[in-house]
1. Evaluate the charge dipole of the chain about its Cα centre and quote only its size in Debye, nearest 20, assuming +1 on the Cβ of each Lys and Arg and -1 on the Cβ of each Asp and Glu.
2. Out of the total accessible area of region 1-127 (probe 1.4 Å, heavy atoms of protein only), what percent is carbon and sulfur?
3. What are the ³J(HN,Hα) values, in whole Hz, obtained from phi via the Karplus relation 6.51 cos²θ - 1.76 cosθ + 1.60 with θ = phi - 60°, for each residue of region 270-283 in sequence order, with x given for Gly and Pro?
4. Can you give the longest run of the chain that contains no GluC sites (Glu not before Pro) sitting in a DSSP loop with at most 15 other Cβ atoms inside 10 Å?
5. Can you give the calculated 222 nm mean residue ellipticity of the chain, where each DSSP H run of n ≥ 4 adds -39,500 (n - 2.57) and the sum is split over every residue, rounded to the nearest 500 deg cm²/dmol?
6. What's the longest bit of the chain with no exposed chymotrypsin sites (Phe, Trp or Tyr not before Pro), using DSSP loop states and at most 14 other Cβ atoms within 10 Å as the test?
7. Give the label of the value calculated from the structure for mean projected area of the Cα convex hull in nm², choosing from (i) 16.5; (ii) 19.0; (iii) 31.4.
8. Convert each backbone phi in region 77-86 into a coupling constant with the Karplus relation 6.51 cos²θ - 1.76 cosθ + 1.60 (shift: θ = phi - 60°), then list the ³J(HN,Hα) values in order as whole Hz, x for Gly and Pro.
Amino acid sequence: MSPEARWAWLGVALITALRLILIGEVGLGDDEAYYWDWSRQLDWSYYDHPPMVAWLIAGSTAIAGDTAWAVRLPFTLLAVLGGALTWTLSTRLWPKRPEVAALAMVAFHCVPILSLSAVFAAPDLPMIVCWLGLSLMGLRAHRTGRTRDWLVAGLIAGLGLLSKYTMVLSLLGLLGWLLTSVRGRAQLRARGPWLGICLSLLLFLPVLIWNAERDWISFAFHLSGRHRHQVDILTQAGTFAGSQLLAASPIMVVALVMGLWKPPEAEARVTALLRWQAIPVLVLFALTSPLTSFKAHWTAPGWALALGL
């Protein structure tokens, strides 16, 4: 391990220790209490989200008790995993520049839109971790072509879909990346990627069954119900731009723009994947935010993947 990586891991350890002290000092917010209530009534899905957030809270509180600290603990620990995955992705992109990967991992814990998710119980961080994991396994499966690697990618994708519906954009990004390379198109003619997709859908099937039995209530809410009120397009567009500058920080916005141009020493295959995984989700919410209500953290997966660029 490089000196830069050792210092970065030390910083992450200190940040995590501080978070572990702080997460029990404040009572649950409204959304957190909502998810905690879910955890006391476990099911295959819920009105506005899949079940992962409730399952994580249920497991943690069963071990550590019904406290705010226990409710938030899984998400603080997942942040460590998310930072490690960011470091690994950046290492793949910049194999000769360990300081870039170290900086990306530390940034994962410092960028507001991501750092807040480490001290707040919500579905977003489990999905982001799966998004990063799917990107890494997609790279590995693309390199090896082994069916078992595609099955692991499918497992991760399924867990992501059980976390939040937005995970489908990661799957579409991975598919788009494969379609834009000769090797990727060749692999799509093999069985591995499709078996991975089948596994992810199998894991997601209970959520679909739960919704089918309830007139597709979750999908109706996200696709229609929450978007019916009138909005002012200019106000919404300005609010979106301002919220992203604050949530991602101006530094991240500038870094993303710089990352659109491939530096000569970066690994082209990884650069292309990160672009397919980061940019579509950012563009999607940028285009739709003036037309409907939105929340600043919806773009968080895009910023997490953009760290590698």
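1. Computed about the Cα centre, the dipole is about 1400 debye.
2. Here carbon and sulfur together make up 69 percent of the probe-accessible area.
3. Karplus values, whole Hz, x for Gly and Pro: 6, 4, 4, 5, 4, 5, 5, 8, 9, 5, x, 5, 5, 5.
4. 26-212
5. -23500 deg cm²/dmol
6. Between exposed loop sites, the widest span is 48-215.
7. (i)
8. 6, 5, 4, 4, 5, x, x, 5, 5, 4
The values are calculated or read from the model by the stated rules, or taken from the named source; none is laboratory data. Keep in mind that this is a model prediction, so the values were computed, not measured. Cβ: placed from backbone, ideal geometry, glycine included. Neighbour counts: every protein chain shown. Note: accessible area is taken over every heavy atom of the protein model, side chains too, but ligands, DNA and RNA are not part of it. Shrake-Rupley method; radii C 1.70, N 1.55, O 1.52, S 1.80 Å.
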